[in-house]
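Trainee: I'd like to ask some things about the structure below.
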Amino acid sequence: MKQLHNYVNLFYDKYILDRPLVLIICLVIIMSFLGYKARDFKIDASAESLLLENDEDLRYTRKIIDRYGVQDFLVISYTPRDGDILSDNTLKNLARLRDELEKLERVSSVLSISDVPLLESPPLSYSELSEGKIRKLNSPTTDRELAKTELRESPFYRDLIVSRDMKTTALVVNLHPDKIYRDLTSRRNHYLEKQAETGLTDAEAAELENIVTQVHGHLDSMNKAQHKTIIEIRAVIDNYRPHAELFLGGITMISDDMISFIKSDLKMFGLGVFILLVLLLGIIFRSLRWIILPMLCCFLSVVAMMGVLGMFGWEVTVISSNFISLQLIITLAISIHLIVRYREFFEKNPGADQRTLVLDTVTSKFTPCLYAALTTIAGFGSLLLCDILPVINFGWMMSAGILLSLLLTFILFPSGVMLLKKEAPRKEKSPLSITGVFARFTEANGTLILVVTVILSVLSIIGISRLKVENSFIDYFKESTEIYGGMKVIDQKLGGTTPLDIIVGFEPQVTETKQEEDDDDMFLDAFEDEDTDEAEDKGKYWFADHRMEVVEKVHDYLDNLPETGKVLSLGTLLKIARKLNKGKDLDSLELGVLYSKVPDRYREMILSPYVSVEHDEVRFSIRIKDSLETLKRDALLKQIRSDLISKTGVKPERLHLTGTMVLYNNMLQSLFRSQIMTLGVVALALLLMFLVLFRSLNVALIALFPNLFSAGAVLGVMGWLSIPLDMMTITIAAISIGIAVDNTIHYIHRFREEIKTDWDYCKTLHRCHGSIGYAMYYTSVTIIIGFSILVLSNFYPTLYFGLFTGLAMLLALVAALTLLPQMLVLFKPFGKGSQ
């Protein structure tokens with residue numbers, strides 16, 4: 001370490017301090033380039049950015065989307081102010097709204113209450129249905145009262161098109177699929193499947209890499225088009241707010257709004273944090289130079305990192321959106337440590353020239369700052385153990401950002417100070433300083449500190465055991481926001497929010513005897529056209545009674561779960577057909593006729609999305625009530641799988657759960673395993689780095705405990721407050737360790753230097769609190785107060801980040817000024833010394 005100290009001294013003496021102006025000019029040129037590249041900085045909150053690329057469920061979901069033609073759609077809830085969704089005025093407004101929406105470029109179709117087929121208003125016979133004689137709400141022969149009853153009681157329309165209380169109706173806005181994106185993803189998925197099964201040749205691997213690059217490039221333009229469409233839809237529905245209460249919902253809207261919230265928070269609260277930090281630095285140091293210089297270091301570090309991200313095409317996701325705030329914290333901490341150390345040297349030796357003061361400052365602080373940076377990187381290293389690419393990228397972002405902040409601050413700070421004159425001497429510190437209070441408290445209450453630490457550690461462990469992993473989109477937003485109101489209405493009145501698909505496969509149909517087949521063909525030929533295709537021909541015999549029995553059992557089970565909203569499947573059609581057939585089940589031949597003869601438009605609505613005759617399977621489309629407080633997603637998925645196998649007779653190998661809910665749950669479980677379960681790996685990495693730095697196992701263990709205590713306490717508080725770990729809060733553990741490490745290293749490094757003065761541990765404690773303690777205190781208080789403004793955000797992930805970052809800073813400060821020095825005094829790792 002002494003050798004490193006000498007190298008740093010020589011480097012700064014020879015290359016940095018002699019030419020500060022030249023270095024600043026070079027920095028301006030580099031920062032101009034990176035600032036230009038920062039215009040390519042992008043935020044991506046799409047579902048694609050959060051999925052496990054090697055997830056088998058993801059590959060299967062992509063197959064199902066291609067097979068059943070699952071469309072991207074939005075839902076508009078419409079609650080007329082007159083309370084009657086079937087009044088002439090309401091229907092007229094709905095028709096106008098539908099027509100205006102269908103004119104939008106990316107909207108393929110809009111399904112409203114006026115467009116759905118009515119089968120019981122008055123009732124249609126089975127023959128009328130097979131001939132395509134279907135009424136709609138505006139048909140001349142439709143009975144409005146019967147239609148109201150049918151809509152309210154229909155297993156298809158209830159909770160989908162109309163609410164149970166008949167006060168709210170929905171418009172389903174289907175969006176045009178992006179053909180270029182679908183083609184690119186189809187080709188990408190083909191190579192990914194082949195890579196997982198047999199591996200790729202070099203040429204195929206290169207082609208896959210090229211396709212992935214094209215996907216990311218097109219995804220950006222697609223997100224912009226998506227955002228434009230949502231703005232256009234909101235502009236249209238705004239014209240109808242005098243007539244009704246309207247809300248827009250859907251996974252696409254949630255993703256787009258999350259990006260908008262993140263961008264808004266970055267602009268608004270970024271500026272607010274910046275102003276607060278300036279004010280606090282002014283209050284603490286009362287010198288313009290110590291405001292401008294550290295804030296300039298912070299600003300340029302963030303701009304440089306944004307330029308690096310833009311240059312290499314790294315996109316910031318909802319998981320890594322707080323990296324700017326974290327880099328501000330790290331850069332500001334380095335700057336404040338340099339300022340306090342410089343002022344210490346100046347106070348001890350006011351007659352020294354500026355060059356000597358600056359050289360002593362950077363030489364004495366470079367080693368602890370370097371090791372603090374490296375150990376902070378090790379804290380964020382846990383993110384690299386995850387399977388999710390954006391989380392891994394977040395780990396690399398923070399690693400690169402920390403090194404960038406260290407490099408830029410240790411060049412800009414000494415160069416800037418060298419261009420300034422020495423400031424006027426300042427008054428000595430007050431004996432009633434807060435760090436002095438901590439020192440006296442620690443000396444007098446060592447046993448109390450240890451007892452409280454043990455108690456809090458036990459409480460933290462219990463709190464951690466109470467942590468749960470959930471991902472509720474509605475809980476990201478405050479109740480006062482429009483998006484929360486819309487999600488709640490759609491979730492509770494119109495069938496739920498989060499999509500879940502269940503695929504049930506059947507054994508291939510056993511061939512019937514020749515006589516039975518001929519008899520069936522004679523019956524069906526009466527209804528057949530000559531140009532039936534192969535799928536329709538197979539469909540004549542596909543709807544066997546035993547299959548339909550399984551379909552209804554599965555449908556009824558899913559429909560009766562309290563967590564499910566709307567359930568749509570072939571079972572829905574069977575229930576409707578039974579009502580039309582005077583309470584009698586349709587046999588397999590009648591269902592075959594229905595499958596063959598129903599008009600294409602209605603087949604695409606009620607059959608094709610739920611039956612694949614070709615693959616001998618049925619699809620159950622479910623929406624989960626995201627706002628249900630008792631919802632536990634992982635437990636629900638396991639329960640559904642177990643119950644369907646045990647209660648309905650579905651074979652395990654022919655049952656698949658897929659869709660957004662499954663993929664997000666897989667992502668969360670992966671995050672939990674990689675972040676919480678690998679804290680031991682991170683602790684081991686920190687221990688090894690402390691060993692390298694301090695070259696003492698005792699010191700390394702003492703340094704490690706306060707870090708684990710701070711991180712555990714933050715997670716424990718989350719557990720006691722029932723704040724779930726989700727894709728936004730899961731990185732709190734890494735952040736907490738990263739923050740706590742900084743204080744620990746700086747304090748022990750200074751303690752090791754100061755103990756050599758008189759080998760009196762208690763006096764050394766007071767000296768450290770009166771020197772490095774100030775830097776730790778100033779840094780923590782500045783960041784805690786500065787980031788407290790984030791609690792005003794309407795986006796709970798931003799709010800939680802501000803809250804728990806402040807808590808982590810507070811716990812790290814208190815632990816470093818009480819627990820850490822008490823352990824040093826108690827165990828005396830640098831030698832016995834004086835009592």
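The values are calculated or read from the model by the stated rules, or taken from the named source; none is laboratory data. Everything quoted here is computed from the prediction, not taken from an experiment. Cβ coordinates were reconstructed from backbone atoms using ideal geometry, including for glycine residues, and neighbour counts include every protein chain displayed. Heavy atoms of the whole protein, side chains included, go into the accessibility calculation; ligands, DNA and RNA do not. Shrake-Rupley method; radii C 1.70, N 1.55, O 1.52, S 1.80 Å.
Trainee: Checking Gly773 against (1) of a type outside the set (S, T, N, Q); (2) touching a Lys or Arg at 6+ places or on another chain (Cβ under 7 Å); (3) crowded, with 24+ Cβ neighbours inside 10 Å, which single condition isn't satisfied?
Mentor: Just one mismatch for Gly773, condition (2).
Trainee: Follow-up question, since we're still on this one. Restricting to the stretch 74-88, what's the tally of residues that are open to solvent by 80 Å² or more (accessible area, probe 1.4 Å) and touching a residue at least 24 places away in the same chain (Cβ under 8 Å)?
Mentor: Going through the stretch 74-88 one residue at a time, the tally reaches 1.
Trainee: Exactly one of these conditions fails for Ile730: (1) assigned to a helix (DSSP H, G or I); (2) crowded, with 23+ Cβ neighbours inside 10 Å. Give me its number.
Mentor: Every condition holds for Ile730 apart from (1).
Trainee: Also, quick follow-up: Can you tell which of Glu100, Glu105 is touching a residue at least 60 places away in the same chain (Cβ under 8 Å) and not in a helix (DSSP H, G or I)?
Mentor: Glu105
Trainee: Kindly list, by first and then second residue, each pair from a residue in the stretch 636-648 that is within 19 Å of Ser472 (Cα to Cα) and open to solvent by 90 Å² or more (accessible area, probe 1.4 Å) to a residue that is modelled with pLDDT of 95 or more and of a type outside the set (Val, Ile, Thr), limited to pairs with Cβ atoms under 9 Å and residues at least 6 apart or on different chains.
Mentor: Final answer for the pair search is none.
Trainee: Among the residues of the stretch 479-498, are any under 43 Å from the mean Cα position of the chain (by Cα), assigned to a helix (DSSP H, G or I), at pLDDT below 80 and within 30 Å of Arg164 (Cβ to Cβ)?
Mentor: The answer is yes; a qualifying residue exists.
Trainee: Quick check on this structure: which one of Thr779, Thr757 is buried (at least 24 other Cβ atoms within 10 Å of the Cβ) and more than 30 Å from Asp257 (Cα to Cα)?
Mentor: Going through Thr779, Thr757 in turn, just one is buried (at least 24 other Cβ atoms within 10 Å of the Cβ) and more than 30 Å from Asp257 (Cα to Cα): Thr779.
Trainee: How about the stretch 112-134: which of its residues are under 45 Å from the mean Cα position of the chain (by Cα) and modelled with pLDDT of 80 or more?
Mentor: If the condition is that a residue be under 45 Å from the mean Cα position of the chain (by Cα) and modelled with pLDDT of 80 or more, then Ser112, Ile113, Ser114, Asp115, Val116, Pro117, Leu118 are the ones that fit.
Trainee: Something else now. Could you say which residue among Ala439, Ala400, Ala352, Ala372 is over 24 Å from Ile30 (Cα atoms), open to solvent by less than 70 Å² (accessible area, probe 1.4 Å) and under 30 Å from the mean Cα position of the chain (by Cα)?
Mentor: After ruling out the rest, the residue left standing is Ala372.
Trainee: Please state which of the following conditions Thr142 fails to meet, knowing it meets all the rest: (1) without any contact (Cβ under 8 Å) to a residue 24 or more places away in the chain; (2) over 23 Å from Val489 (Cβ atoms).
Mentor: The failed condition is (1).
Trainee: Of all residues in the stretch 220-251, count the ones that are open to solvent by less than 10 Å² (accessible area, probe 1.4 Å) and either assigned to a helix (DSSP H, G or I) or out of contact with any Ser or Thr (no Cβ under 9 Å at 6 or more places or on another chain) (or both).
Mentor: Of the residues in the stretch 220-251, 5 are open to solvent by less than 10 Å² (accessible area, probe 1.4 Å) and either assigned to a helix (DSSP H, G or I) or out of contact with any Ser or Thr (no Cβ under 9 Å at 6 or more places or on another chain) (or both).
Trainee: If a residue must be closer than 15 Å to Tyr181 by Cα and of a type in the set (S, T, N, Q), how many such residues does the stretch 191-213 contain?
Mentor: So the answer is 2.
Trainee: Still on this structure, please answer the following. If a residue has to be farther than 21 Å from Ile231 by Cβ and either in a helix (DSSP H, G or I) or not small (Gly, Ala, Ser) (or both) to count, how many in the stretch 76-97 make the cut?
Mentor: Qualifying residue count for the region: 15.
Trainee: Could you please give the count of residues in the stretch 557-594 that are open to solvent by less than 20 Å² (accessible area, probe 1.4 Å), modelled with pLDDT of 80 or more and over 23 Å from Thr498 (Cα atoms)?
Mentor: Qualifying residue count for the region: 1.
Trainee: For the stretch 724-749, which positions are modelled with pLDDT of 85 or more and either in contact with a Lys or Arg (Cβ under 8 Å, 6 or more places away or on another chain) or β-branched (Val, Ile, Thr) (or both)?
Mentor: Thr744, Ile745, Ile748
Trainee: How about the stretch 360-392: which of its residues are within 19 Å of Ile737 (Cβ to Cβ) and polar (S, T, N, Q)?
Mentor: Matches in the stretch 360-392: Thr375, Thr376, Ser382.
Trainee: Here is a follow-up. Taking the conditions exactly as written (modelled with pLDDT of 85 or more and of a type in the set (Lys, Arg)), does Arg426 satisfy them or not?
Mentor: Here the answer is no, as Arg426 does not meet what is asked.
Trainee: Go through (1) part of a helix (DSSP H, G or I); (2) surrounded by 13 or more Cβ atoms within 10 Å (Cβ to Cβ) and name the single condition Asn174 misses.
Mentor: Among (1) part of a helix (DSSP H, G or I); (2) surrounded by 13 or more Cβ atoms within 10 Å (Cβ to Cβ), the lone unmet condition for Asn174 is (1).
Trainee: Follow-up question, since we're still on this one. Quick one: how many residues across the stretch 690-716 are part of a helix (DSSP H, G or I) and open to solvent by less than 50 Å² (accessible area, probe 1.4 Å)?
Mentor: Going through the stretch 690-716 one residue at a time, the tally reaches 18.
Trainee: Now, a different point. Quick check on the stretch 250-294: of everything there that is modelled with pLDDT of 85 or more and of a type in the set (Gly, Ala, Ser), which residue is farthest from the chain's Cα centre (by Cα)?
Mentor: It comes out as Ser287.
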